[in-house]
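The values are calculated or read from the model by the stated rules, or taken from the named source; none is laboratory data. These figures come from a predicted structure and were not determined experimentally. Cβ placement follows ideal geometry from the backbone for every residue including glycine, while neighbour counts extend to all protein chains displayed.
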Amino acid sequence: MTRCNVCVMALTAVLLLVFAPVSRSNDLKGREFQGASRIPSQFSEEEHVAMKEALKGAIQIPTVSFSHEESNTTALVEFGEYIREVFPTVFKTNFIQHEVVGNYSHLFTVQGSEPSLQPYMLLAHFDVVPAPEEGWEVPPFSGLERDGFIHGRGTLDNKNSVMAILQALELLLTRNYKPRRSFFIALGHDEEVEATHPKPISRAPTGGGRYFNCTINCTLQNIGVMEKEPNREINDGVLFPGVPLCGQITVLSGSQFLHCENERGWVPPALAFQYSVKQNCLRISVSEKGAIDLMLQVNTTSGHSSAPPKETSIGILSAAVSRLEQTPMPNMFGSGLLKTALQQMASEFPFPLNIVLSNLWLFQPLVSRILEKNEMTNAMVRTTTALTMFNAGVKVNVIPPVAKATVNIRIHPTQTVTEVLELIKNIVADDRVQFHVLKAFDPLPISPTDDQALGYQLLRQTIQSVFPEVNIVTPGTCIGNTDSRHYTNLTTGIYLFNPVYLQPQAFKSFHGVNEKISVQAYQTQVKFIFELIQNSDTDRKPIPHLHEL
């Protein structure tokens, strides 16, 4: 069995969000995090069994978010009781404060021995999307173990991250671990909620964990965390002023998986199809696409189908969305993070691809065309549009007066909501089509990756200690959306990373059927967080790695 098969991945959950450091005194030491009190990440067979059994139990609790108004609140309460039972040391340790936020979410404050060190946060969510049983190999909330995998809704998105964070902390505490650097664990119950907002183009983050994470923002006021800049959020007609805070926090979020195209780690799919690299390469997301939920509407006169007009509302709207599908947004490869990553990886490819990638000034058009032929890399190089809902008609012999279609748009980091809306209007080019913005927010700013970037360096160093086969770490863009965006007012650096290898076909199980994670992958995830928490205690400058990017 290949490494990719045994290390499957974990979305939205240990969302490792990291806020930029305030001073150089908070830098990491380097690849080897030395210290007399360092605890080795070696676990007994009994502990390994307890890890997977704890995750199985969590999967069996159907913490489903159906909509902004409807969640399985009974299950949410049960989950809170469950983690108290499974991780007793976390809840009884005197330097850890636990509080329930927003009725169902959980915030843990772990007090370090050196308050001068910039704190950080581990962010994850335990609510899941609905899972109809049709098409599943096993019942979606069974938590069954089969052929080395734990099956069920939430194994990748994102209870695995929630449980791995608490499991790692529990194991550290039972080994008498006492942190130097304070940190927070924020476990949300509403990340999968996507609220609809009638206000035109609200730039404030909406849906996707907004209630829980904005409440956490307010809670952080009490521990001296500083707001990066004033924030005014308009949502459903209510004004939420920015919270005046002081100090800055580092947040780590685990929603971005290790995309494994072959045994050598992350390689753009369109290139991995024909080529394999010499060394393992992994990616840390340092930005995230923006999004627009856009409803297109056509109003016409109703009538009897026996005497139809030349064009109906459905026909007009169908033509409009067809133009959208047939006219892709501009390819932004030349100005995006993917170009930088490929240039950094060039030497790891065999001839002649290494020459091509080393000379993108000449071969950029060729590489750009190759990348847009694969769905995954196409999403990395441009803003995407996906028609997700179409509503019209009530009776077979009635011409519908109204037709509506909803398009989900994911915005490339080099573009904005305003720019993309203008492009869409020019593509549709029909005044009969009305545009209603249900939700919109710009992409996350690109977070720093230099030696002083605490989050990036902490993740990079932990990758190199847990995955010694990895030789290249590159920055990238998360093509999905996570609840990390709710912290942009508190930090200049947000990093998304989930320490689980993911095969391309596993992406279809996210919000789909047959979601599963390998037992070995989950145990590696626990090990990664176990190491990450300890690595964060250093305050010394990192030693550059030979292949540091």
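At-a-glance table
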| read-out | value |
| --- | --- |
| Out of Val286, Val267, sole residue that is of a type in the set (Val, Ile, Thr), over 30 Å from Ile399 (Cα atoms) and at pLDDT below 50 | Val267 |
| Test for Met345: is it in contact with a Ser or Thr (Cβ under 7 Å, 6 or more places away or on another chain), in a loop (DSSP other than H, G, I, E, B) and outside the structural domain of Pro475 (by TED's automatic domain parsing) | no |
| One residue from Pro115, Pro200 being closer than 17 Å to Ile533 by Cα, surrounded by fewer than 17 Cβ atoms within 10 Å (Cβ to Cβ), assigned by TED's automatic domain parsing to the domain that holds Thr63 and modelled with pLDDT under 90 | Pro115 |
| Complete set of residues in the range 139-161 that are modelled with pLDDT of 95 or more and among the aliphatic types (A, V, I, L, M) | Leu144, Ile150 |
| Qualifying positions in the range 57-73 - outside any strand (DSSP E or B), within 15 Å of Asn103 (Cα to Cα) and either among the aliphatic types (A, V, I, L, M) or modelled with pLDDT under 95 (or both) | His68, Glu69, Glu70, Asn72, Thr73 |
| Exclusive hit being over 27 Å from the mean Cα position of the chain (by Cα) and in the same structural domain as Tyr177 (by TED's automatic domain parsing), set Thr93, Thr73 | Thr93 |
| Any chance Val407 is over 24 Å from the mean Cα position of the chain (by Cα), within 23 Å of Ser313 (Cα to Cα), in the same structural domain as Ser305 (by TED's automatic domain parsing) and β-branched (Val, Ile, Thr) | no |
| Strands (runs of 3 or more DSSP E) (entirely within the range 420-536) containing at least 3 residues that are aliphatic (A, V, I, L, M) and surrounded by 23 or more Cβ atoms within 10 Å (Cβ to Cβ) | 495-502 |
| Residues of the range 275-303 classified as of a type in the set (Val, Ile, Thr) and either under 16 Å from Asn426 (Cα atoms) or part of a helix (DSSP H, G or I) (or both), total | 0 |
| Contacts under 8 angstrom Cβ, first residue in the range 437-452 being in contact (Cβ under 8 Å) with a residue 40 or more places away in the chain, partner among the aromatic types (Phe, Trp, Tyr), 6 or more apart | Ser447/Tyr456; Ser447/Tyr495; Pro448/Tyr456; Thr449/Tyr456 |
| Subset of the range 293-322 (residues that are closer than 30 Å to Thr477 by Cα and surrounded by 14 or more Cβ atoms within 10 Å (Cβ to Cβ)) | Asp293, Leu294, Met295, Leu296, Ala320, Val321 |
| Identity of the residue in the range 138-174, β-branched (Val, Ile, Thr) and not in a helix (DSSP H, G or I), that ends up nearest to Phe43 (Cα to Cα) | Ile150 |
| Yes/no for Ser306 being small (Gly, Ala, Ser), assigned to a loop (DSSP other than H, G, I, E, B) and out of contact with any Ser or Thr (no Cβ under 6 Å at 6 or more places or on another chain) | yes |
| Number of the exception - Leu76 against (1) more than 25 Å from Thr482 (Cα to Cα); (2) surrounded by 21 or more Cβ atoms within 10 Å (Cβ to Cβ) | (1) |
| Matching option when the condition is closer than 16 Å to Val428 by Cα and at pLDDT 90 or above, among Pro309, Pro328 | Pro328 |
| Scan of the range 327-353 for residues that are in contact (Cβ under 8 Å) with a residue 40 or more places away in the chain and aromatic (Phe, Trp, Tyr), ordered by number | Phe333, Phe349 |
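Rundown of residues vs (1) within 22 Å of Asp483 (Cβ to Cβ); (2) modelled with pLDDT of 95 or more, yes/no style:
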site: Ile96; (1), (2): no, yes
site: Val110; (1), (2): yes, no
site: His125; (1), (2): yes, no
site: Pro132; (1), (2): no, no
